[in-house]
1. Can you give the FRET efficiency for K57 and K9, using 1/(1 + (r/R0)^6), R0 = 22 Å, r = Cβ-Cβ distance, to the nearest 0.05?
2. Give me a comma-separated list of calculated 3J(HN,Hα) values for the stretch 53-69, in order, Karplus coefficients 6.51, -1.76, 1.60 applied at θ = phi - 60°, integers in Hz, x for any Gly or Pro.
3. What area, in nm² and to one decimal, does the C-alpha convex hull of the chain cast on average over all directions?
4. Relative to the first principal axis of the alpha-carbon coordinates of the chain, what is the inclination of helix 40-51, with its axis defined by its Cα atoms, in degrees from 0 to 90 and to the nearest 10?
Amino acid sequence: MTWYRVRTKRRKCCNGVAIESGMEVQVVTPVNGLYSMNNWQYVEDAFFRVYDISMRKANALNLGDLDITKLK
């Protein structure tokens, strides 16, 4: 299992979803890579669980909007 810290880089408002800079979640994945298309669902679920927002609806599931740090 791999542990990541995902933090938003900037403020963004898209499709009625407001994202602030510095919003942070921790994601644990069973695979060793968060950057493939299928693994973005872990990030989506974590932001929905903590902040009750949809990052997919806000079009913010990309490396331009998120800062991803591998913790363990």
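1. Rounded to the nearest 0.05, the efficiency is 0.75.
2. Karplus values, whole Hz, x for Gly and Pro: 10, 9, 5, 5, 5, 7, 6, 10, 8, 8, 6, x, 9, 10, 10, 10, 10.
3. 4.2
4. Value to nearest ten degrees: 60.
All of the numbers you see were taken from the coordinates with simple rules; none came from a lab. Note that the structure is a prediction, hence the values are computed from the model and not measured. FYI the Cβ positions are ideal-geometry reconstructions off the backbone, even for glycines, and counts take in every protein chain you see.
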